[in-house]
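Okay, so here's the structure we're looking at.
The values are calculated or read from the model by the stated rules, or taken from the named source; none is laboratory data. None of the values given here were measured: they were computed from a predicted structure. FYI the Cβ positions are ideal-geometry reconstructions off the backbone, even for glycines, and counts take in every protein chain you see. Accessible surface is based on the protein model in full, side chains and every heavy atom, while ligands, DNA and RNA are left aside. Shrake-Rupley method; radii C 1.70, N 1.55, O 1.52, S 1.80 Å.
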Amino acid sequence: MEKIEHTTVTTNGIKMHVASIGSGPIILFLHGFPELWYTWRHQLLSLSSLGYRCVAPDLRGYGDSDAPPSPESYTVFHIVGDLVGLLDALGVDKVFLVGHDWGAMIAWNFCLFRPDRIKALVNLSIPYHPRNPKVKTVDGYRALFGDDFYICRFQVPGEAEAHFAQMDTAKVMKKFLSTRDPNPPCIPKETGLKALPDPPALPSWLSEDEINYFATKFNQKGFTGGLNYYRAMNLNWELMAPWTGLQIQVPVKFIVGNLDITYHIPGVKEYLQNGGFKKNVPFLQELVVMEGVAHFINQEKPQEISMHIYDFIKKF
């Protein structure tokens, strides 16, 4: 870990913290919520040893990167803009892209906006869903799961932060990272995060030191930056209207665990398996469903995910 370099890059009006290691073709890793560059620690070490330069930023709002206060500063255009600026700062035209959770959603949009900058994509957990012109994103989730669904509960500025503040940050991280319940996470207004089950013990793939790394950074920065991604979802829906109906035009490998909450959203299994996903992602080359694996797949199965990435990108 001590060989990982930490730098700050100025891009798109913010300062972005970037962790990197290795030399060779660049792999750009995009983390999700509530995470950091650190979620990719295992992949950075293993793939740099296989001849790649691995680059993992703290995305806007997270860790040691700047966190503008307004939710309107967290559209997919802002985030992809940050990353295009990062590639320009690195002096590189095209990269391999790897995303998970929110990072996967950003990666799909990166490929929509700037396929010229992406050699190939490995995305984890969140499949590509084209924009539904009839229903705003958050409204669709509310209709499916109700007001207590976590994405709906995260919408009001300050409300989720207040729930998070009632609990030790390390405990918040344990609740999120250890969850193996594939049902939709619901956070009732009255009980907040207490409604999410406490893990009986840390899973074998997660140590107290690792939890504490996440907790220290979120104690310094707070959760507002990460929550603002959810608060910009309906704004994204409005701004994305010109891209309605577009396909993903880069080579793709998609990986999801069969215990992932995203895999159990009604219709998702059928969409992935029955041709709908392939229609929207025509250059999909591999679809992998990992048995017995939950949402935080790159941390739970680090070696397997690293090899899945390597086996795919070495073809290009």
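Would you look at the GNM of the chain, springs on alpha carbons closer than 10 Å, and say which of ALA67, ALA19, ALA89 moves the most?
ALA89
Probe radius 1.4 Å, ligands and nucleic acids ignored: give me the carbon and sulfur share of the accessible area of the chain as a rounded percent.
The value for the chain is 54 percent carbon and sulfur by accessible area.
With charges only on Cβ, +1 for K and R and -1 for D and E, what is the dipole size of region 162-274 about its Cα centre, in debye, rounded to 20?
Taking the Cα centre of region 162-274 as origin, the dipole is about 120 debye.
Taking H as built 1.01 Å from N, whose amide H comes closer than 5 Å to the amide H of VAL95, not counting residues under 5 places away?
Correct list: ILE118, LYS119.
If you average 1/r across every pair of different Cα atoms in region 5-314 and take the reciprocal, what Kirkwood value do you get, in Å?
Roughly 19.5 Å, rounded to one decimal.
On a straight-distance basis, which lysines could pair with LYS315 in a cross-link, Cα separation under 22 angstrom, same-chain partners fewer than 8 positions away excluded?
By straight Cα distance, LYS315 reaches LYS94, LYS119, LYS253, LYS278.
Around MET1, under 14 Å between beta carbons, what's the net of Lys plus Arg minus Asp minus Glu among the other residues?
Summing Lys and Arg as +1 and Asp and Glu as -1 gives -2.
Any idea of LYS279's accessible area? Nearest 10 Å², probe 1.4 Å.
Its heavy atoms expose roughly 140 Å² to the probe.
Give me the number: length gained by fully extending TYR213 to ASP311, i.e. 0.36 nm times residue separation minus the C-alpha to C-alpha distance, one decimal in nm.
Roughly 32.3 nm would be gained on extension.
Could you state the accessible area per residue of the chain in Å², with a 1.4 Å probe and every protein chain left in place?
That works out to 40 Å² per residue.
With +1 on each Lys and Arg Cβ and -1 on each Asp and Glu Cβ, and nothing else charged, work out how big the dipole of region 5-314 is about its Cα centre, in Debye to the nearest 20.
Charge dipole of region 5-314: 620 debye, to the nearest 20.
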